Amino acid sequence: MPQPAGTRSGLARSLHRSLLYLAAVALGGTGLLLVVLINEQSNPPWVYLVYSTASWIWLLAGVLAWWRRPSNGIGALLVLGGLAMALGEASSSIVPAVAAVGAVFATAPLAVTVHLLHAFPAGRIRGRPSRIIVVVGYLTVLVLQFPLYAFNPAAAGLPVFVADRPDLLAAGQLVQEITGTAVMIGTAVILAGRLRRAQPYQRRVLIPLFGYGTLAVLYIPLSSSVLAPWLALDPVFLAVSQIVVVAAIPIAFALAVLRGGFARTGELEELATWLGASGDRSDLSVALASVLGDNSLELVFWVDEFGRYVDTAGGPVALPEPGAPRSWVPIDLNGQPIGAIVYDAELIADPELVSTAGRVVALGVDRERLTAALRTSELSLRRSRERLVETADRERKRIAQDLHDGIQVRLVLLAMQAQQLAIGLDPTDPTRGQAVDLRLGIDSAAAELRALVHAVMPSALVERGLASATEDLVDRVPLRTSLQISGLGSLPDPVQSTAYFVVAEAVANVVKHAAATKVAVRLTGNAGTLDLEVADDGRGGAAVEKGTGIRGLVDRVDVLGGTFELSSPPHAGTTLRVRLPTSS
Amino acid sequence: MRVVIGEDEVLLRRGLTLVLEGAGIEVVGAAADAVGLLALTERHEPDLVITDVRMPPTHTDEGMVAALTIVRGHPQMSVVVLSQHVQRRYAIELLAEKRQGIGYLLKQRIGDVETFCDDLRRIAGGGAVIDPEVVSIMLARARLDDSVIGRLTPRQHEVLKLVAEGRSNGYIANELVITDKAVVQHTSRIYDALGLPSDDDAHRRVQAVLKYLAGTSTTA
């Protein structure tokens, strides 16, 4: 994140000063060593220059990584590797004490590289097996190195030389090779496991980095013991190639750390924010992600009245379980939980660091939380209205079915009985006429009941769906009508009933108020939407506010997330257009 | 006449059976769902099948689907579909299959048992009886959309409606309180206006009128 001048904290300024001093001291020390070695003239100056350059690369990469990601241990490890390189360089000095130090640290950079491989990306070693392998790695290059100078005639004259014992030297070399091989096999197994668990975008960074690191560690010993004799390599070429391979290690690690650990870069995220394309991600979480170097970081908000965490859009969020690759820390304000930061635990090893960041942004989080809470309320209100509509439809259907099965059947039977009573009487008997009247009365009661049931939930809608029900509706309109239906397919029940009642109410209004001579109804199903249109040639001037029927329909359409458009200029007809989303 | 009934309401099933048997119509089987109705129809090969539109298990249009299946499988069988609520589409679907021995009536019409039994006999005899409510809908639509029917006199309308319901000349004369001769005059003028062939066979005349109405009112 670009930061305006003057906003850096005192702590950051102090760290940057310390790193500058460290860089100065390290460069000064290694520079001094270089001058001394060149003056000794036991090797051509360029040999020392190449070697020093390699250790400077380690040091500079380390200081840079440390500067940019103070919370990440990779920077410190790279500096350590640079110092180990410089110490190894001392082995060719003619001063015995200096050369002795060099002999002791000759292979130390290899152990640091193994350490780096295990510590990436958080900069901290995770898991007991990793810890053991890294410790054994350091033992291999520091302790098991002992026979290689103590019993080596080439080291005679150095204070660390003990005796010329070829047998012990050979045994020592064998032990170091075996342990070294074991360390590399263990490392390969662990890295392979991490690759398997990694996300695809993480693998794009991890595979080249792990691959290169492992090959580099293997190349140093194998190039001397296997490749050089086999390919008859020039010793100078061999040494230079080894140095180049080792020098590239810190560049690879520093780049990987500086690009936010993994290649989903902060720059892209910032660009997306700047373009307003970051979508459901708040500015605050983008800022946190950038500062903490984890672009997968998410900010979630605690909503008290629902007792759960929600995202910026107000949707419910499940926090990661303990032990998952992702982890979270709560954000409190005045002792009340207000949110949480969900982050990649493999990228950020220290939860305290995330907590600190959370405390810093707590006030901002609280403000965004109110927005998120409002969205949650809105979301839950909409769900509850949807449930109300569905329940009402279910009840309507149940009432219609109950009337159909119950009282309507009873009225048919009563009419039958009344008519049979009439048939049984003499045609001259005045009671006969009364019985027929009774049957007619029952029939008209049944007709009223049919109309009621039809208004509650039309049979055609239950039996055949929206198209058939609309057709029946239009059939009964005492105006010239046209009906166009296309592409309805199968629609969810709430959409069918809402569409039907909208058309029914609109057509009823046309008949009652519009003074129209014709009405056109159109139902058009498209991908994901259903369009309804009821247009008449009447006097216009209709308004949603004028009719309670229309008002109720606007609410129903709104619940389903649809749109409602009433166009009714005076004397120019009325057109109602409704669009309903059909996918739930 | 041998009849099979499909009706899920047990009271109505029994009541209908009693009424039909009282009118001398033999009820050879009564089923409570569409599957049972098809099975009984296959077993008894009745002259007439009466079915409700809505039946278990889904209570949608299973009875209607069963009726169409029977009409296609047994063209000689007459079929009457009863419904709590009548709609034009069902009448047109039935008439599209066949125009003889077909009936579509509001369930409440059973109450007028004599008329209902007469209708059943006419249907079994090759007639077509469509509920007055459906005929009204068809006529109203034809009057709005079709200029020929719109030009008919109100009296001719009344006669046309009763013809379309499948009524006999005598019934029409009685209903409208006019002479049989007046009915014949009206009908021949109506047929001329609609361009229908005059036919002495009453059933075929009804069918021609229904075909005309079904045709003009199929605008959807």
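The values are calculated or read from the model by the stated rules, or taken from the named source; none is laboratory data. From a predicted model like this one, the values you see are computed outputs, not experimental measurements. Cβ: placed from backbone, ideal geometry, glycine included. Neighbour counts: every protein chain shown.
Residues that are surrounded by fewer than 18 Cβ atoms within 10 Å (Cβ to Cβ) and modelled with pLDDT of 85 or more do not occur anywhere in region A:82-98. Determine whether region A:535-551 contains at least one residue that is more than 40 Å from the chain's Cα centre (by Cα), assigned to a strand (DSSP E or B) and more than 9 Å from chain B (Cβ to nearest Cβ). Yes; the residues of region A:535-551 include at least one that is more than 40 Å from the chain's Cα centre (by Cα), assigned to a strand (DSSP E or B) and more than 9 Å from chain B (Cβ to nearest Cβ).
Taken over region A:531-546, residues that are in contact with a strand residue (DSSP E or B) (Cβ under 8 Å, 6 or more places away or on another chain) and without any contact (Cβ under 8 Å) to a residue 24 or more places away in the chain amount to 1. Of the helices (runs of 4 or more DSSP H) entirely within region A:138-253, those holding at least 3 residues that are at pLDDT below 80 occupy A:200-222, A:228-231. Scanning for something among the hydroxyl-bearing types (Ser, Thr, Tyr), crowded, with 18+ Cβ neighbours inside 10 Å and in contact (Cβ under 8 Å) with a residue 12 or more places away in the chain, does region B:60-72 turn up at least one residue? Within region B:60-72, not a single residue is among the hydroxyl-bearing types (Ser, Thr, Tyr), crowded, with 18+ Cβ neighbours inside 10 Å and in contact (Cβ under 8 Å) with a residue 12 or more places away in the chain.
Listed by position, the helices (runs of 4 or more DSSP H) contained in region A:53-125 that have at least 2 residues being among the basic types (Lys, Arg), over 29 Å from A:Phe151 (Cβ atoms) and touching a residue at least 60 places away in the same chain (Cβ under 8 Å) form an empty set. Taking the criterion of being within 14 Å of chain B (Cβ to nearest Cβ) and farther than 22 Å from A:Met457 by Cβ, the residues of region A:477-509 that qualify are A:Pro478, A:Leu479, A:Arg480, A:Thr481, A:Ser482, A:Gln484, A:Ser486. Checked against the criterion of being surrounded by fewer than 16 Cβ atoms within 10 Å (Cβ to Cβ) and hydrophobic (A, V, I, L, M, F, W, C), the candidates B:Ala39, B:Ala30 yield just one match: B:Ala39.
Evaluate the following for B:Leu68: is it away from every other protein chain (no Cβ under 14 Å), assigned to a helix (DSSP H, G or I) and not β-branched (Val, Ile, Thr)? Against the criterion (away from every other protein chain (no Cβ under 14 Å), assigned to a helix (DSSP H, G or I) and not β-branched (Val, Ile, Thr)), B:Leu68 does not qualify. Among the residues making up region B:35-65, those that are more than 13 Å from chain A (Cβ to nearest Cβ), in a helix (DSSP H, G or I) and farther than 23 Å from B:Gly111 by Cβ are B:Val35, B:Gly36, B:Leu38, B:Ala39, B:Leu40, B:Thr41, B:Glu42, B:Arg43, B:His44. Test A:Val365 against the criterion of being surrounded by 14 or more Cβ atoms within 10 Å (Cβ to Cβ) and within 30 Å of A:Asp332 (Cα to Cα), and give yes or no. Answer is yes for this residue. The numbered conditions (1) surrounded by fewer than 21 Cβ atoms within 10 Å (Cβ to Cβ); (2) away from chain A (no Cβ under 13 Å) are all true for B:Ile5 except (1).
Of the residues that make up region A:404-412, is at least one surrounded by fewer than 19 Cβ atoms within 10 Å (Cβ to Cβ) and within 55 Å of the chain's Cα centre (by Cα)? Looking through region A:404-412, at least one residue is surrounded by fewer than 19 Cβ atoms within 10 Å (Cβ to Cβ) and within 55 Å of the chain's Cα centre (by Cα).
When A:Ile423, A:Ile399 are checked against the criterion of being facing another protein chain (nearest Cβ under 8 Å) and either of a type in the set (Val, Ile, Thr) or farther than 25 Å from B:Lys107 by Cα (or both), a single residue qualifies: A:Ile423. Applying the condition of being part of a loop (DSSP other than H, G, I, E, B) and not β-branched (Val, Ile, Thr) to region A:413-458 and asking which residue is nearest to B:Ser83 (Cα to Cα) yields A:Pro458. For region B:97-127, which residues satisfy the criterion of being of a type in the set (Gly, Ala, Ser) and more than 9 Å from chain A (Cβ to nearest Cβ)? Of everything in region B:97-127, those that are of a type in the set (Gly, Ala, Ser) and more than 9 Å from chain A (Cβ to nearest Cβ) turn out to be B:Gly101, B:Gly103, B:Ala124, B:Gly125, B:Gly126, B:Gly127. Which ones in region A:262-292 are modelled with pLDDT under 75 and under 20 Å from A:Ala349 (Cα atoms)? Scanning region A:262-292 gives A:Phe262, A:Ala263, A:Arg264, A:Thr265, A:Gly266.
Report whether or not A:Ala372 is surrounded by 18 or more Cβ atoms within 10 Å (Cβ to Cβ), within 25 Å of the chain's Cα centre (by Cα) and touching a residue at least 60 places away in the same chain (Cβ under 8 Å). Give the derivation first.
On the way: surrounded by 18 or more Cβ atoms within 10 Å (Cβ to Cβ): yes; within 25 Å of the chain's Cα centre (by Cα): yes; touching a residue at least 60 places away in the same chain (Cβ under 8 Å): yes.
Yes; evaluated as a whole, the condition is true for this residue.
B:Gln87 fulfils the conditions (1) within 10 Å of chain A (Cβ to nearest Cβ); (2) touching a residue at least 60 places away in the same chain (Cβ under 8 Å) except for a single criterion, (2). Residues that are in contact with a helix residue (DSSP H, G or I) (Cβ under 6 Å, 6 or more places away or on another chain) and more than 21 Å from A:Ala23 (Cα to Cα) do occur in region A:68-91, at least one of them.
On the stretch given as region B:128-147, residues that are of a type outside the set (A, V, I, L, M), out of contact with any strand residue (DSSP E or B) (no Cβ under 7 Å at 6 or more places or on another chain) and more than 9 Å from chain A (Cβ to nearest Cβ) total 5.
Criterion applied to A:Leu461, A:Leu473 was being within 14 Å of chain B (Cβ to nearest Cβ), touching a Phe, Trp or Tyr at 6+ places or on another chain (Cβ under 7 Å) and either outside any loop (DSSP other than H, G, I, E, B) or not hydrophobic (A, V, I, L, M, F, W, C) (or both), and the one residue passing it is A:Leu461. Taken together, B:Leu82, B:Leu16 contain a single residue that is within 22 Å of A:Gln420 (Cα to Cα), within 11 Å of chain A (Cβ to nearest Cβ) and outside any helix (DSSP H, G or I), which is B:Leu82.
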